[in-house]
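The values are calculated or read from the model by the stated rules, or taken from the named source; none is laboratory data. Source: prediction; values computed, not measured. Quick reminder, even Gly has a Cβ in these numbers, built from the backbone with ideal geometry, and neighbours come from all protein chains shown.
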Amino acid sequence: MNDSKLRLSDAQYFILQLAVFGATSYFLYPYLILHTDGGSYWMPIATGLLAGILGARLFSGMMAQYPGLDAFASVKRVLGWPGLLLFALPYSWYAWRAMTMIARAHAEIVSMTILHTTPLWILHCTIPIATLLAAGGVASIARAAAVFVMVGIPVTVGITLLGLSNLDFTLHEPWRATDFSFLGSKTFYTSSFVWVGFLYLCSCGHHARSPGKLWRPYAVAALCFFPALAGAIYLPVLTFGVGFAKALTFPFLSKLDSISHYWLVVENLTAVFVSVVILLVILTLSLLLHSLVSALRALLPFLPSRFSYIAVGAGTYVSAQLIPSWEWIEKGIWADTPVRIYLVLFPSVVWLWSRLASGRRQRA
Amino acid sequence: MKGRKKLMRWLAVLGMLVPLSLLQGCWDIRDIDNRMLVAVLGIAREDDQGVKIWVRFPLPHSPLGIGNGDKDFLTASQRGDTASDALDKLRARMPKYLDLSQTRGIFVDRGLAEEKGVYDCLDFVVRDRMLPINAILALIEGDMGQLFQRPNPSGELSGVYTRLFFENYAGGTPQKNKVALWEVFSRHYNPLQQSLVPLLVKDESFQFNLKGNAFFGNDKMVGWLTPEETLIYELVADRMSPFEIETAGGANVKVEASRAQIRTGWASGKPDIRIRIRVTMKLMDSSHASPMSTRTIEEEVNKLLEERAVRVFAKTQAKGSDVFGFGNRYRSSLTAGQYKEWADLYKRASITLKVESNMRNVGLKLLRD
């Protein structure tokens, strides 16, 4: 099927969003939420969820203005070349950084948990796979997503359910604390990277039957994934207590290490979990790669498609290799927070500009 | 043109398959015959500064009869500044890879637990993930070397014996109080609850015997509860599994289930903790010399457990060691800065425990009231 004429259903968008949540929720998010101020972790999670749905609503509102166009073409139509530069350049920067850090973070997790001596250049082989998947277009990504999510999400949910053992509800900080001190925490804003999955669909918007309703599959995916996301934070806290959970780099993976049942056939749950999440990571990387190439080609229309994918894939691979440490990833995700927030708020500028322009047209 | 497209498609497929094959993790392959799997790890105090570790490896039976004589295990020991340093030195002596990933039990010498604590010598476990954090932890009183040298009397592989000793599905009883390594780490970071770790001694017939359960304060062992006293902990912590107790009147009952209700508050500036435990039991044996009614047996059990609880609370309160985790229930009324004061608050706490037992059945033989 011709990729440009491909129509993605809401179910396919929902699956893509689930994959993004699955890929981004387990590496740094629990650590960041556990280090927000205040003891009620449900508050930063719920606030992030609501802000994410609001962001997706704004984004689909921008896409709805010109159905049949992707986000970059819509922005260009409303704001012209200056607007496109103001959107596509930061977007390209953000997508490249996000890809690099997601790939490297998962390589580090694999290195820390299962494959201690495998070199990073091997663990970064997720990037060439994602590049080839992205080069196949949205149709390939959507088809692969259906298979990957069918494997990945049930395993993720099953493992989360297994984590319900050994819980002690007295270990949690007061449930009813309603202080909003988390709003002053740097880590709360850094954790917003989990909720911006709708941005990764910049290049897929024109495949939607109704772009204005594109936020709905996002909201449904976010709500469906919410228990798993809460589990990634609360299961370690209710098992280890706040102090020990905070001291761990990957509290959820350590929680999986602690699970021990006589009847459980799988001995190394962490290895199963990490392996499955890699499928979702490949999918997310391919989505990001596809949207980054779309952004570059919107800026430089003469760029040949195949060359763009190879160049972006190779650039991402080299950048991921060059990241010096885990600490750098933590700092990098924080450093990208202003760009992330800017990109989430940008659609409201487009919407406002569009309203002003139509007002001017009516007056004329 | 068509041929070129086909070639590109094949190249793309190949381009995906080659990285996939590299991601199999073959770099980390160490064949099973190139590993020596540690089943049990022991850590003891060596002198003022260092520690001595013991490791026990199960040995596969060779059809050629080559190996460690008739033994199905090999024991090695090594001195070092820390446990991690001793393991490094041991690696230098070994012909195969020292694999700690299958360790089932970790033994720590009582002297080390009393003087230096447990956490410092095991910190490397969490950091390096070389040892499973669900391994069972126990303290050993007496010569650890002797314990590691003795074959398992019931024939199980090294390590499996330790696990079976504690697990409910095998030889575990509530008195043995199975504790995983992660529980000790969790208590280390939680000033509102202390660890209760099994204390083992050498047994004549079997590998080891349960002396009691050691309780901790500031990560160091500060006292111990007898196996009978440990039952109170199990009842309060709702970790009970069926166990038998003998009443003063000579009747034996089996506690089948229990449910603890804990109410916490403040009274005159002190923590006020009220515990009500409902116990369901069945009669196992009764005295023929002085037969008792169901009601009398229930009252005997209530009295027995309540008196024992008073002793247990007095013991742990004297050392400020809240092994029950009552402090966790005060999180909402204490600020994070006050958590460290919990040990002192626990010492002054007023704790009352009320047992309500209910005899569910009397077995197949009638008990005449």
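Which is in a helix (DSSP H, G or I), under 27 Å from the mean Cα position of the chain (by Cα), within 30 Å of A:M112 (Cα to Cα) and in the same structural domain as B:V160 (by TED's automatic domain parsing), of B:S84, B:S77, B:S101?
The match here is B:S84.
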Filtered residue count, region B:120-129, keeping only those that are more than 9 Å from chain A (Cβ to nearest Cβ), buried (at least 16 other Cβ atoms within 10 Å of the Cβ) and over 17 Å from the mean Cα position of the chain (by Cα):
1
Sole exception among (1) within 14 Å of another protein chain (Cβ to nearest Cβ); (2) in contact with a Pro (Cβ under 9 Å, 6 or more places away or on another chain); (3) β-branched (V, I, T) for B:I351, by number:
(1)
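From the list B:A251, B:A289, B:A314, B:A267, which one is modelled with pLDDT under 90 and surrounded by fewer than 18 Cβ atoms within 10 Å (Cβ to Cβ)?
Within the list B:A251, B:A289, B:A314, B:A267, the selection yields B:A289.
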Hey, which of the helices (runs of 4 or more DSSP H) in region A:1-89, taking only ones fully inside, have at least 3 residues that are more than 18 Å from the chain's Cα centre (by Cα)?
A:42-64
Can you report the number of residues in region A:337-352 which are over 15 Å from A:G197 (Cα atoms) and surrounded by fewer than 21 Cβ atoms within 10 Å (Cβ to Cβ)?
5
Would you say B:L112 is more than 15 Å from the chain's Cα centre (by Cα), crowded, with 18+ Cβ neighbours inside 10 Å and either in the same structural domain as B:R79 (by TED's automatic domain parsing) or of a type outside the set (G, A, S) (or both)?
yes
Here are the criteria: (1) of a type in the set (A, V, I, L, M, F, W, C); (2) under 21 Å from A:L49 (Cβ atoms); (3) modelled with pLDDT of 90 or more; (4) in a loop (DSSP other than H, G, I, E, B). Tell me which single one A:A177 does not satisfy.
(3)
Can you name the condition, by its number, that A:F240 falls short on among (1) touching a Phe, Trp or Tyr at 6+ places or on another chain (Cβ under 8 Å); (2) of a type in the set (A, V, I, L, M, F, W, C); (3) more than 9 Å from chain B (Cβ to nearest Cβ); (4) buried (at least 24 other Cβ atoms within 10 Å of the Cβ)?
(3)
Have a look at B:Q24, B:Q49 and point out the one that is within 14 Å of another protein chain (Cβ to nearest Cβ), modelled with pLDDT under 85 and part of a loop (DSSP other than H, G, I, E, B).
B:Q24
Would you mention how many residues in region A:180-209 are modelled with pLDDT under 90, buried (at least 23 other Cβ atoms within 10 Å of the Cβ) and hydroxyl-bearing (S, T, Y)?
2
Which listed residue is away from chain B (no Cβ under 14 Å), of a type in the set (G, A, S) and out of contact with any Pro (no Cβ under 6 Å at 6 or more places or on another chain), from A:G197, A:G163, A:G205:
A:G197
Residue count, region B:131-171, condition under 11 Å from the mean Cα position of the chain (by Cα) and among the small types (G, A, S), comes to 2
How many of the residues in region B:294-336 are acidic (D, E) and closer than 15 Å to B:R348 by Cα?
1
So B:I245 fits all but one of (1) closer than 19 Å to B:F313 by Cα; (2) surrounded by fewer than 24 Cβ atoms within 10 Å (Cβ to Cβ); (3) among the aliphatic types (A, V, I, L, M); (4) in contact with a Lys or Arg (Cβ under 9 Å, 6 or more places away or on another chain); what number is the exception?
(1)
Looking at A:I153, A:I129 in this structure, which one is of a type outside the set (G, A, S), more than 14 Å from chain B (Cβ to nearest Cβ), touching a helix residue (DSSP H, G or I) at 6+ places or on another chain (Cβ under 7 Å) and crowded, with 18+ Cβ neighbours inside 10 Å?
A:I153
